[in-house]
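Following: one structure in structure tokens, then a few remarks.
The values are calculated or read from the model by the stated rules, or taken from the named source; none is laboratory data. All values derive from a computational prediction rather than experimental measurement. Don't worry about glycine lacking a Cβ; one is built from the backbone with ideal geometry, like all the others, and counts go over all protein chains shown.
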């Protein structure tokens with residue numbers, strides 16, 4: 001399932017320069033801007049083989065620890081390395097279909113899609129998104145004082161509870177950490193949107209290949225909407 005905003009709803013010009021802050025709680029550092037647009041990815045808890053996740057975690061912590069030991073911010077080279085760890089190695093394993101791939105189930109994918117869209121144009125603006133079998137991509141911009149971390153927590157908390165209910169299971173659903181990239185300019189924005197579009201086409205072709213073509217139109221269910229609004233606003 002995927003969505004791309006019409007051209008009339010996309011920003012004409014983006015330029016991120018000053019007022020960038022770095023937030024970190026011992027995990028991945030997150031670069032934030034008051035009017036920033038982000039490319040974000042979050043994934044299922046079992047979407048990486050343990051040995052790959054451990055290796056990624058060791059290298060990530062080593063990069064961050066080195067900067068802290070020297071009492072400085074991450075350098076541009078270190079920031080690129082962190083991004084490469086995800087965009088190269090981690091994305092390769094995600095795209096290979098590792099883990100339970102619960103998001104390949106139409107009922108779960110539909111629920112996650114509705115969750116993403118629920119506060120579109122109120123708490124955030126969605127420019128593009130797609131639900132893959134074991135992870136989700138989105139290009140989005142927080143609105144009205146909402147922070148990126150709050151929005152991701154809202155998406156993941158509600159959808160995890162609903163997914164476990166649909167699947168009749170318990171336990172962790174999403175990986176705690178998420179990846180985000182603060183979009184620098186219009187060219188970067190276009191590149192991220194193209195990437196999301198290409199990923200959605202990849203999934204659609206895979207569904208057609210195995211005879212599981214899904215309805216990509218999302219219909220809202222009032223009862224589910226009310227449940228989500230009540231829980232997300234707490």
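Observations on the structure shown:
- Flag set for residue 105, criterion: modelled with pLDDT of 60 or more and surrounded by 15 or more Cβ atoms within 10 Å (Cβ to Cβ).
- Residue check for residue 82: without any contact (Cβ under 8 Å) to a residue 60 or more places away in the chain, closer than 11 Å to residue 47 by Cα and part of a helix (DSSP H, G or I): no
- Check on residue 149, in contact with a strand residue (DSSP E or B) (Cβ under 9 Å, 6 or more places away or on another chain), in a helix (DSSP H, G or I) and modelled with pLDDT under 85: no
- Among the conditions (1) in contact with a helix residue (DSSP H, G or I) (Cβ under 9 Å, 6 or more places away or on another chain); (2) more than 24 Å from residue 49 (Cα to Cα); (3) surrounded by 22 or more Cβ atoms within 10 Å (Cβ to Cβ), residue 125 misses just one, which is (3).
- Residue match in segment 63-86 (condition: outside the structural domain of residue 144 (by TED's automatic domain parsing), surrounded by fewer than 16 Cβ atoms within 10 Å (Cβ to Cβ) and closer than 19 Å to residue 152 by Cα): yes
- Any hit, segment 30-50, residues being within 25 Å of residue 202 (Cα to Cα), assigned to a helix (DSSP H, G or I), within 17 Å of the chain's Cα centre (by Cα) and modelled with pLDDT of 80 or more: no
- Within segment 33-55, residues that are farther than 14 Å from residue 177 by Cα and not assigned by TED's automatic domain parsing to the domain that holds residue 179 reach no partner that is modelled with pLDDT under 90 and surrounded by 23 or more Cβ atoms within 10 Å (Cβ to Cβ) with beta carbons closer than 8 Å at six or more positions or on different chains.
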